[in-house]
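Q: Following this message is one structure expressed as structure tokens.
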């Protein structure tokens, strides 16, 4: 297995492509948008430059990694020789089902189809293909090149052979795979999202302010980042989508998203990606922070 196709050049997609390419795989990075592909490749190059600066890799390693990636705007061209496809598109069930129908038709019959979904049913995705036994979840953590964990999610029909193959493949990437079963939210988000949602509820109920809530969790629970700041980095729209999937899947009110989260997403306050969420990431605030840094 040396040819891997990655669908989507966004944050997760370019991180997955980077990781495979740096491990010696030939990667076909596919996105319908040329602009997204350019941004994705620029991000990979910048991340590799940081690794060179820290002397974790050489300049030659960087160039080899970039040379291992080829970009495409068509699924049918990019997956023609792929042994594995990893879908990393937006966390939207309709979009993912559409993509997997296309992949099933375009890929060789022995190609394994994986999804980086963080909450959507692998069984449901597999059901739109003619190869449900070869569909599996590979939930990478962000930032992909750094984070060690990969949740390997078996659908109802995923074969033992495919599961074993993907577990071993993950190890060759320097990752630590954990096998989990196909229930809404899997393990990571089933635990993480209720914590984030409860943090938002705590803010919504006026118990404490944003920085106070995050400080309690960082200093009291030894979390590297507070839950509200983490929600901003994940994307509040993504958090809302995952909570809705879990609420629909379990019909349990403990997974119902906080009204404050719903309203923030409606207002376009999505976190880092929009420049504002629970914190302000606008250019003016960035300039202010840089100015204070120079003053120190």
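Q: With r defined as the distance between the Cβ atoms of residue 280 and residue 141 and R0 fixed at 22 Å, what FRET efficiency is calculated, to the nearest 0.05? Let's see the in-between values first.
A: Details: r = 26 Å, r/R0 = 1.17.
Between residue 280 and residue 141 the formula returns 0.30.
Q: Go ahead and set up a Gaussian network model of the chain, Cα springs under 10 Å, then flag whichever of 188, 267, 126 fluctuates most.
A: Ranking 188, 267, 126 by mean-square fluctuation puts 267 first.
Q: Suppose the chain between residue 178 and residue 266 were pulled fully straight at 0.36 nm per residue; how much longer would it get relative to their current alpha carbon spacing? Present the calculation step by step, with values, prior to reporting the outcome.
A: On the way: separation 88, 0.36 × 88 = 31.68 nm, distance 3.49 nm.
Net length gain for the segment: 28.2 nm.
Q: Taking only DSSP H segments of four or more residues, each worth -39500 (n - 2.57), what value at 222 nm results for the chain once the sum is divided by all its residues, to the nearest 500 deg cm²/dmol?
A: -15000 deg cm²/dmol
Q: Tell me whether segment 1-156 comes out rounded, prolate or oblate; compute the Cα gyration tensor, take square roots of the eigenvalues as a ≥ b ≥ c, and use a/c under 1.5 as the rounded threshold. Don't jump to the answer; show the numbers that get you there.
A: Values: a/c = 1.91, a/b = 1.66, b/c = 1.15.
Prolate shape, in that a/c is at least 1.5 and a/b is the bigger ratio.
Q: Tell me, what is the percent relative contact order of the chain, built from C-alpha pairs under 8 Å that lie six or more residues apart?
A: Details: 505 pairs, mean separation 36.9, N = 296.
It comes to 12 percent, rounded to a whole number.
Q: Only bridges whose two residues both fall in the chain count here: according to DSSP, what percent of them are antiparallel, nearest 5?
A: Counting DSSP beta bridges with both partners in the chain, the antiparallel share is about 20 percent.
Q: Could you work out the relative contact order of segment 65-209? I mean the mean sequence separation of Cα pairs under 8 Å and 6+ apart, divided by the number of residues, in percent. Don't jump to the answer; show the numbers that get you there.
A: Working: 212 pairs, mean separation 25.0, N = 145.
In percent, rounded to a whole number, it is 17.
Q: Under the rule a/c < 1.5 gives rounded, and otherwise a/b versus b/c splits prolate from oblate, where does segment 189-280 land using the Cα gyration tensor? Display every interim value, and only then the final one.
A: On the way: a/c = 1.60, a/b = 1.21, b/c = 1.32.
Oblate, since a/c reaches 1.5 and b/c is not below a/b.
Q: So what's the angle, to the nearest 10 degrees on a 0 to 90 scale, between helix 34-53 and the longest Cα principal axis of the chain?
A: 80 degrees
Q: Okay, next question. Most exposed first by the Cβ proxy, i.e. fewest other Cβ within 10 Å, how do 247, 81 rank?
A: Working: 247 17, 81 13.
Exposure proxy ranking, most exposed first: 81, 247.
Q: Another question, then. Quick one: order 266, 131 by neighbouring beta-carbon count within 10 Å, fewest to most. Display every interim value, and only then the final one.
A: Details: 266 10, 131 19.
With the fewest neighbours first, 266, 131 line up as 266, 131.
Q: A further question on this structure: Hey, what angle do you get for helix 283-295 against the long axis of the chain, alpha-carbon based, 0 to 90 degrees rounded to 10?
A: So the inclination is approximately 70 degrees.
Q: Any chance you could check the Cα centroid distance between segment 120-163 and segment 9-63 for me, in angstrom?
A: Cα centres, segment 120-163 to segment 9-63: 22 Å.
Q: Using alpha carbon centroids, what distance separates segment 164-186 and segment 90-109, in Å?
A: First find each Cα centre; the distance between them is then 20 Å.
Q: Could I have the simple spin-label model distance between residue 63 and residue 33, label points 7 Å from Cα toward Cβ, reported in nm to one decimal?
A: Between residue 63 and residue 33, the label points sit 3.2 nm apart.
Q: Post the alpha-carbon centroid distance, segment 263-280 to segment 199-232, in whole angstrom.
A: Here the two parts' Cα centres lie 16 Å apart.
Q: To test your reading of the geometry: what angle, between 0 and 90 degrees and rounded to tens, separates the Cα axis of helix 93-106 from the longest principal axis of the chain?
A: 20 degrees
Q: Using Cα pairs closer than 8 Å and at least 6 residues apart in sequence, work out the relative contact order for segment 1-97, in percent.
A: Computed value for segment 1-97: 41 percent relative contact order.
Q: Looking only at 271, 206, 40, which one moves most when the chain is put into a Gaussian network model with springs between Cα atoms under 10 Å?
A: Most flexible of the set in this elastic network: 206.
Q: A follow-up question, please. Arrange 190, 50 by Cβ neighbour counts within 10 Å, fewest through most, would you?
A: Details: 190 18, 50 11.
Lowest count first: 50, 190.
Q: Still on this structure: Quick one: grab the alpha carbon gyration tensor of segment 121-214, order the square roots of its eigenvalues as a ≥ b ≥ c, and give me rounded if a/c is under 1.5, else prolate or oblate depending on whether a/b is larger than b/c. Before the final figure, lay out each step's value.
A: Details: a/c = 3.88, a/b = 1.89, b/c = 2.05.
Oblate, since a/c reaches 1.5 and b/c is not below a/b.
Q: Just to be sure I understand, if you calculate Cα Rg over 2.2 N^0.38 Å for this structure, which of (i) 1.03; (ii) 1.26; (iii) 1.40 do you get?
A: Given (i) 1.03; (ii) 1.26; (iii) 1.40, the structure-derived one carries the label (i).
Only the coordinates and a few stated rules stand behind these numbers; no lab work does. Small disclaimer: the values here were computed from a predicted structure and weren't measured. Glycine also receives a Cβ, built like all others from the backbone with ideal geometry; neighbour counts cover every protein chain displayed.
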